[in-house]
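Structure first, then comments.
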Amino acid sequence: LLAAEPALTLVGLLDDVARNAPPVRVQAEGVSAALASTRLAGAWEDPTLAVMAEDVPLPGMAMTGDPMRPMLTYRVMQPLNVFGRRTLAKRAAQARLGRAEALLDRTRWDAQAQAVFAFYELWMSARMAEVLDRQISTLEGMRASARSRYAAGLMMGHHDILRAEAELATMQAERASLADERAAMVAMLNVLRGKPADAPIGEPSVVGRVALPPLRDLLARVDSRPEVTSMRLMREEMGAERSLAKRMYFP
């Protein structure tokens, strides 16, 4: 699964995930729908025509014996966006759009967090594979040495052969398990990148450490978190909806 592809860097991976992760694409469509709804918010509703038929006795007709004649009532209704209703509807729609965009940011962050975890797991898996390969090579040499001693007639040499065989089998089983774990992580990264699960991927490249920003800078970013933004916009939307409902009492 790890083919001769360009090295996979964390920056490039996060960029792919931010644009192509399936949850991000789904939420981006939600933002597009919310944007379209803002253009329709506050638009005048279509006029409605109501027709009501009722059998009533006309003047001069007896209540019994004569056939009833229907009376038709026509009513045309056209809701008017007056008293600031259109402005409030627009404000509520804009708040819903902002909440959808905040949810898109949260979805993008979650997908990128999964990608970071899988990236470093894949990098660590490659390093563990190198260690296991060296251990397996060493154990194979120990097994060959034990066989030579046993062939030379060294007493108890068969115990060394069996011990080397057992440890070698354990290392080979761990190596096979590690290969399966790497295949699963490659599939996860490919899905997050919006690619087929079996698409080739380059070896992860860790350039260097990045210093964390000061704690006061991190605390200052709390107010800009998508969750806080979404709650703030929800309050604004509910306020606009409440004001709009109050305006509906006016004729």
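The values are calculated or read from the model by the stated rules, or taken from the named source; none is laboratory data. A quick note: this is a predicted structure, and the numbers were derived from the prediction, not measured. We place every Cβ from the backbone using ideal geometry, glycine too, and count neighbours over all the protein chains shown. Keep in mind that these areas ignore ligands, DNA and RNA; they rest on the heavy atoms of the full protein, side chains included. Shrake-Rupley method; radii C 1.70, N 1.55, O 1.52, S 1.80 Å.
A Förster radius of 51 Å, combined with the Cβ-Cβ distance separating residue 176 from residue 45, puts the computed FRET efficiency at roughly 0.15. For the stretch 136-251, a simple Cβ point-charge model (Lys and Arg +1, Asp and Glu -1, everything else neutral) yields a dipole of about 520 debye relative to the Cα centre.
The calculated 222 nm mean residue ellipticity attributable to helices in the chain amounts to -23000 deg cm²/dmol, summing -39500 (n - 2.57) over DSSP H runs of n ≥ 4 and dividing by all residues.
Here the label points at residue 241 and residue 90, each 7 Å from Cα along the C-beta direction, are separated by 2.1 nm in the simple model. On a per residue basis, the convex hull of the C-alpha atoms belonging to the stretch 170-223 measures out at 168 Å³.
Applied to the stretch 90-100, the Karplus parametrisation 6.51 cos²θ - 1.76 cosθ + 1.60 on θ = phi - 60° returns per-residue 3J(HN,Hα) values of 5, 5, 5, 5, 5, 5, 5, 5, x, 5, 5 Hz, with x for Gly and Pro. Picking from 84, 11, 32, whose Cα lies most toward the positive end of the charge dipole for the chain (charges on Cβ: Lys, Arg +1; Asp, Glu -1)? Positive-most Cα among the choices belongs to 84. The three principal axes of the C-alpha atoms in the stretch 91-184 carry coordinate ranges of 92, 15, 14 Å, sorted with the longest axis first. Computed with the Debye formula from one identical point scatterer per Cα of the stretch 138-207, without solvent, the log10 of I(q)/I(0) at q = 0.14, 0.18, 0.27 Å⁻¹ comes to -0.61, -0.73, -1.08. Computed over the alpha-carbon pairs of the chain, the distance histogram in 5 Å steps reads 1, 5, 7, 8, 8, 8, 7, 7, 6, 6, 5, 5, 4, 4, 3, 3, 3, 2, 2, 1, 1, 1, 1, 0, 0, 0, 0 percent, short to long.
Relative to the Cα centre, the charge distribution of the chain, modelled as +1 at Lys and Arg Cβ and -1 at Asp and Glu Cβ, gives a dipole magnitude of about 1000 debye. Ranking 159, 212, 200 by how far each Cα lies toward the positive end of the dipole of the stretch 71-224 (charges on Cβ) leaves 212 at the top. Considering only 176, 100, 187, the Gaussian network model of the chain with Cα springs below 10 Å gives its largest mean-square fluctuation to 176.
Computed 3J(HN,Hα) for the stretch 72-88, one whole-Hz value per residue from the Karplus formula 6.51 cos²θ - 1.76 cosθ + 1.60 where θ = phi - 60°, is 9, 10, 10, 9, 10, 10, 9, x, 10, 8, 10, 6, x, 5, 5, 4, 5, glycine and proline marked x. With all protein chains in place and a 1.4 Å probe, the accessible surface of the chain carries 61 percent carbon and sulfur. Using a Förster distance of 35 angstrom, determine the FRET efficiency expected from the C-beta separation of residue 35 and residue 197, and round it to 0.05. Efficiency for this residue pair is about 0.65.
Mind giving me the FRET efficiency for residue 131 and residue 158? R0 is 30 Å, r the Cβ-Cβ distance, nearest 0.05 is fine. Approximately 0.55, to the nearest 0.05. Projecting the Cα atoms of 114, 125, 100 onto the dipole axis of the stretch 73-136, where Lys and Arg carry +1 and Asp and Glu carry -1 at the beta carbon, places 100 farthest toward the positive end.
Note on the chain: with a GNM built from Cα contacts shorter than 10 Å, the maximum mean-square fluctuation among 147, 75, 91 falls on 75.
Under 5 Å between amide hydrogens, built in the peptide plane, is the criterion, and for residue 201 it picks out 3 among residues at least 5 positions away or on other chains. Subtracting the Cα-Cα distance of residue 225 and residue 212 from 0.36 nm times their residue separation leaves 2.9 nm of extension gain. Under a Gaussian network description of the chain, with springs only between Cα atoms under 10 Å, the residue in 220, 34, 115 that fluctuates furthest is 220. Amide H contacts of residue 9 (H built 1.01 Å from N, in plane; Pro and chain starts excluded): 205 sit under 5 Å, all sequence-distant by 5 or more or on other chains. Karplus-based coupling profile of the stretch 145-152, in residue order and whole Hz: 5, 5, 5, 5, 5, 5, 5, 7, with θ = phi - 60° in 6.51 cos²θ - 1.76 cosθ + 1.60 and x standing for Gly or Pro.
For the residues 195, 246, 90, a 1.4 Å probe over the protein chains yields an accessible-area ranking, largest first, of 246, 195, 90.
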